[in-house]
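Have a look at the structure below before the remarks.
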Amino acid sequence: MKVVSLEPGERRDACLARLCAAVHGTTAGLTPLVAFSGTRHLLFANEAARLWALVDNDEAPLSLALLVLDEAGDGMTLALSASLVESREPRRRLIRELALNAPLRVEPTDDLDEAFLRECGISRWVEDACGQRVGLSGRHPATLPGELKPTLSFDEQEVLRRFKHDARFFEAEKRAFVEGLASLTSGA
């Protein structure tokens, strides 16, 4: 197994589709498609995000993680992550590798609790401006809570408005999302 950065192209799009579906679920309405489209057309287009995978010996992804830059460009936030197999071990291994090599910031969730993140090598914990605990890798430049910069993002409502007003764009994004899911599950 090894960690790879997914380069622009069909494989990265397929992995992004799978990650968005895994994180947001299949009954989440347009949420997975909005995350997919906004990431592709706004974050990736502006080089504000990178998609990483832990792959097996056949290059099949076992776990995926989307890292998004902060406004200063000094740190990266783990925006989305998922294991594509039953075990959480590939996800732990991927996050651990990223924590060792990237200026990583992680916000605990129900799915990624603080104990699990500590197993992944996230050892420094601070409170952000909203009072929420945030985990930092050893490579993250912040030493005080006030030094944490906001993570870059996109306006989900703007993506939804574009879907509503540009039917061709919506259909193209929906097709890219579905084809990406199909290609990844068929072993492409």
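Scanning region 1-44 for residues that are within 26 Å of GLU97 (Cβ to Cβ), assigned to a loop (DSSP other than H, G, I, E, B) and aliphatic (A, V, I, L, M) yields a single hit, MET1.
Within region 115-141, the set of residues being surrounded by fewer than 14 Cβ atoms within 10 Å (Cβ to Cβ), touching a Lys or Arg at 6+ places or on another chain (Cβ under 7 Å) and farther than 25 Å from MET1 by Cβ comprises GLU127 only.
When PHE44 is tested against (1) aromatic (Phe, Trp, Tyr); (2) touching a Cys at 6+ places or on another chain (Cβ under 8 Å); (3) surrounded by fewer than 20 Cβ atoms within 10 Å (Cβ to Cβ), exactly one condition is not met: (2).
Of the residues that make up region 119-139, is at least one touching a Phe, Trp or Tyr at 6+ places or on another chain (Cβ under 7 Å) and part of a helix (DSSP H, G or I)? No: region 119-139 contains no residue that is touching a Phe, Trp or Tyr at 6+ places or on another chain (Cβ under 7 Å) and part of a helix (DSSP H, G or I). Residues of region 50-64 that are of a type in the set (A, V, I, L, M) and either part of a helix (DSSP H, G or I) or surrounded by fewer than 24 Cβ atoms within 10 Å (Cβ to Cβ) (or both): VAL55, ALA60, LEU62. Would you say LYS164 is without any contact (Cβ under 8 Å) to a residue 40 or more places away in the chain, out of contact with any Lys or Arg (no Cβ under 7 Å at 6 or more places or on another chain), surrounded by fewer than 20 Cβ atoms within 10 Å (Cβ to Cβ) and closer than 23 Å to PHE44 by Cα? So LYS164 fits the description; yes.
Here GLU107, GLU97 are screened, and the one residue that is touching a residue at least 60 places away in the same chain (Cβ under 8 Å), out of contact with any Asp or Glu (no Cβ under 6 Å at 6 or more places or on another chain) and open to solvent by 60 Å² or more (accessible area, probe 1.4 Å) is GLU97.
Among the criteria (1) under 21 Å from ALA48 (Cα atoms); (2) in contact (Cβ under 8 Å) with a residue 12 or more places away in the chain; (3) assigned to a helix (DSSP H, G or I); (4) polar (S, T, N, Q), the one GLN157 does not fulfil is (2).
Scanning region 154-184 for residues that are of a type in the set (S, T, N, Q) and at pLDDT 95 or above turns up just one, GLN157. How many of the residues in region 22-39 are touching a residue at least 60 places away in the same chain (Cβ under 8 Å) and either open to solvent by less than 10 Å² (accessible area, probe 1.4 Å) or within 13 Å of LYS174 (Cβ to Cβ) (or both)? Final tally of qualifying residues: 8.
For first residues located in region 40-57 and of a type in the set (Asp, Glu), partners that are open to solvent by 50 Å² or more (accessible area, probe 1.4 Å) and lie 6+ apart or on another chain with Cβ distances below 6 Å form the pairs ASP56/MET1. Every test in (1) in a loop (DSSP other than H, G, I, E, B); (2) out of contact with any strand residue (DSSP E or B) (no Cβ under 8 Å at 6 or more places or on another chain) is passed by LEU112 save one, and that test is (2). Residues of region 65-82 that are part of a strand (DSSP E or B) and under 23 Å from VAL126 (Cβ atoms): ALA65, LEU66, LEU67, VAL68, LEU69, ASP70, MET76, THR77, LEU78, ALA79, LEU80, SER81. Scanning region 83-93 for residues that are under 21 Å from GLY25 (Cα atoms) and outside any loop (DSSP other than H, G, I, E, B) yields SER83, GLU89, PRO90, ARG91, ARG92.
The values are calculated or read from the model by the stated rules, or taken from the named source; none is laboratory data. Computed from a predicted model, the values in this text were never measured in an experiment. Counting neighbours? That spans all protein chains shown, and the Cβs are built from the backbone with ideal geometry, glycine included. Ligands, DNA and RNA are stripped out before the accessible areas are found, and what is left, the full protein with its side chains, is counted by its heavy atoms. Shrake-Rupley method; radii C 1.70, N 1.55, O 1.52, S 1.80 Å.
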